[in-house]
Every structure is written in C-alpha cells, then in structure tokens.
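Below: one structure, written as structure tokens.
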Amino acid sequence: MIHPAVLLVALCAFTTPATAQLRIGLRAGVTGSSALVTDSIVQRISARTAPAPNLGFTLENDLDSLWRVALGFSTSWAHLSRHSGDSSEVIVPLTVWTPTLSLSRVMLRSIVARASIGAIAYDPDHTDGNLFSGGAPILPLVGFGLGTERTAGNGLRMIIELAYDLHRFTTTKLRDDGFSGAQSVHRLTLSLTLSRIAVN
Amino acid sequence: MATVGCAITQPDRPAGYAFRSQPDNLVFHWNAGRMPVRYWAEPKGALPAYVDEGIRSWEDQFLYGEFEGTRITDSTTMQVRIEITGSAPPTAPLSTAPPAPACDGRTTLTVGTDNHMALPIVVTLRWFAGFTAEQVANCLARVTVHEIGHTIGLLQHSDRVTDIMYGAPFGVVQARELSSRDGASAQRLYHTASDITP
C-alpha cells in the first residue's frame, strides 16, 4: 500500500502554488463488485458482495483550469456472501477501504474524466472459517471515472460520477489452500461528490 | 511465456471419504442459522483447550464460512456437550510421540423418525490408566478433534491412517492434525443438502 505521506508529497509536487486551489469534498455513493472468488465444490460457488453504500472524502487541487489532482479516501460496507445454485449465505460482513490518488481533466463543457491509482484493503468482521483466516489483503488498484459537474455559489462544486476500478484479489488462505493466480475484480461506483474551496 | 489469467484457479481437491450416516444414508450438517455452533466442554484437565483447538482446526478447513463453532462456558445453551468420564485426566504438553491407545471417544447423535436431531450432541471421552501423562494428553487431543469431526457431520470413518477421521473398523485415530482429505470431505459435506435438521 502506498504510504499516505508519499501521496501527500506527490500531491504537493504536482501543485503549482500560483494556481493552487485546494478543495475538500465529501463523497457518497454505491459500489457494485464482481466476484472475489469462483470455485467448485459439489457445485459452482462464487463469493461476492452485494451493492454497497460508500462514503469518502477528497482533497483536490486545481493544477490549472483543466487539470486537477486529488487524494481520496473512501470506505464501503457490505456482506460478502457465497452463492451456489439458487441459494446464498453470508460469509462475513466486510468493510472495504480505498485510498486513491487521482488525476482528472475537465473535458467538454462540464464533463470530467479521472484516472486513479491506489489500494484496496479488505477488513472482515471476523476471520474464522473463511478466506480471510490467513490475513486480510491490501491490494493495488487502478481505475477511471467519468462525471459531470455543476458549480454553485460560495465555491461549491457538485460532481456526479460513474467510476470503474480493477484489482486482482487473492488471500493468504486461498494460496495456502492451493488456489493459484488471482481473480480480477471489477467494481463500478456511482457517486455524488460535494466539494468546496478550503484554501484559495 | 508467462501468462496472467483473469480468474483465480481452484485447487485439485482430493476425493475424500464418505460422510453419510449408515445404514440410513442420511446427510447431516449445521446450517447457517445455527452458527456458530455452541460447544460446551467439561472443565476437566485440558479438555477445554483440546476443544478450542478442535473447533479451530475444523473451521480452518473452510473458505466460505460454512462452519463456525465456539466454546461456551454456560451449558444451558449448548448444542454439543463434550465430557470425560471418570476423574480428570493427567495433563502434559502435547508432543510428536507415537500415538498410544490411551483413550477413546464416542459421539452420540439422537435422530428421530422425522430426521429431526435432538440437541445436544453428546461426545464422551475416556482415558485409561497405565499410560504416561504425555500419551494420555496426546491421545485426548487427537480424539477430541476426531469426535468434533463427527459433530460437524462427518458420520463415517476414513480408511486412511493419515486422516484424523480414521477409525473403526479400520483402526484407531493416529493422525495429529487434519489431512487434505479431511478438509475436502468436510467441504463437500457442507455443500451437500442436509437431510437431518437439529
């Protein structure tokens, strides 16, 4: 996982003081994810989370009139469930933490495109008898998003964004049990971010 | 040339052994609504510690939360009772010494004609005089894990000495820990529909 201090240094390095405008934002949305694991025991099994609410915050710096860099941190809460046949059972409640560093550009009119790198950390409620029993993973993540923004008075900015990110999932327990490779996990997040100028 | 797949590849699990009750050929396992299964262990000698280790060993065979157990100290809500007959057994650190027939165990499940199982499941352990404390401790630790295997629904014995569920008529339990066949059998059990409901 990238240390937060490194991200802050990177953020500062990309910032031109003369044009710097630091915005702080709050983000809320919903995240859907593909399966974390697929398996076959008697019948086909997949382990995946249901669409989950997420909350986060961003620190965004305008580099110029088009480019912005942002540090984001979000968390979502879901139940990881196993699905086999037409039945499903909860495996464990799961909190997912996602710190990211993003670079975004204002495109046509109010359309904003964003690319991000970061990490995803899985934090299960308990680890007994499940795929996290050997430890919960922290994995690298890449993503991009496309949003539309509106600016209101008092420097308030609202962005509705659809974002995609990808990481490759495995755990120590899965590897210990003989699984090889990692599962590509695709996530989609629809979010609303409200930000305002913190430092001009 | 190295390739990077997009999907995780599952392991080749061993075939395992049979787990259906005999002669009625029924399947039993705990369902999700009963988790964690509540074990009560008679506070004699190191039995509670053996039970803790047995529960942990079986939980560790699963990936998808199929089985979870916990040891409770209040027997009024127990689903499984584990007891030792007679006096408290001698205690000693567990070792890799060769197994000795210093103890045995029995698991009793009472199933009615409607395939409804009365709780608690009762596990009764015995230890025998004439063995060292180390032999008794090693034996009780192994047999406790074996009997907990029955309580999760493995209702038959393996015919391989390397499995913790090895037992009559083939012999007595020898293994100190669960094998991959034990794990594969337990996993298959918990993905097979249960005929018996507790």
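Just so it is clear, none of the values below were taken in a lab; they were calculated from the coordinates. Being a predicted model, the structure only gives us computed values, none of them experimental. All Cβ positions, even for glycine, are placed from backbone atoms using ideal geometry, and neighbour counts span all protein chains on display.
Worth pointing out:
- Cysteines in chain B lacking any other cysteine Cβ under 4.7 Å from their own Cβ: B:6.
- Residues residue A:86 and residue B:118, FRET efficiency given R0 of 35 Å [Cβ-Cβ distance, rounded to 0.05]: 0.70
- Dimensionless Rg ratio for segment B:59-104, taking C-alpha atoms and the 2.2 N^0.38 Å reference: 1.64
- Going from the fewest other Cβ atoms within 10 Å to the most, the residues B:116, B:150 appear in the order B:116, B:150.
- Average beta carbon contacts from partner chains per residue of B:55-63, 10 Å cutoff: 5
- Sparse packing (at most 10 other Cβ atoms within 10 Å of the Cβ) combined with a DSSP loop state is found for the following trypsin sites (Lys or Arg not before Pro) in segment A:73-116: A:109.
- Local net charge near residue A:100, Cβ-Cβ under 15 Å (Lys/Arg +1, Asp/Glu -1): +1
- Inter-chain Cβ neighbour average for residues A:38-46, partner chain, 10 Å: 5
- In segment B:87-175, the convex hull through the Cα atoms has an average projected area of 6.5 nm², a quarter of its surface area.
- Length added when fully stretched, residue A:194-residue A:66, from 0.36 nm per residue minus Cα-Cα: 44.2 nm
- Over the protein assembly as shown, volume per residue of the alpha carbon convex hull, in Å³: 195
- Taking all Cα-Cα distances within segment A:4-199, those exceeding 31 Å account for 26%.
- Local electrostatic count at residue A:185 - Lys and Arg +1, Asp and Glu -1, tallied over other residues with Cβ under 14 Å: +2
- Dividing the summed -39500 (n - 2.57) terms of all DSSP H runs of n ≥ 4 by the residue count of chain B sets its mean residue ellipticity at 222 nm at -7000 deg cm²/dmol.
- Per-residue shielding of A:180-187, expressed as the average number of other chain Cβ atoms within 10 Å of the residue Cβ, stands at 4.
- The Cβ shell under 15 Å around residue B:117 holds other residues with a net charge of +1, Lys and Arg each +1, Asp and Glu each -1.
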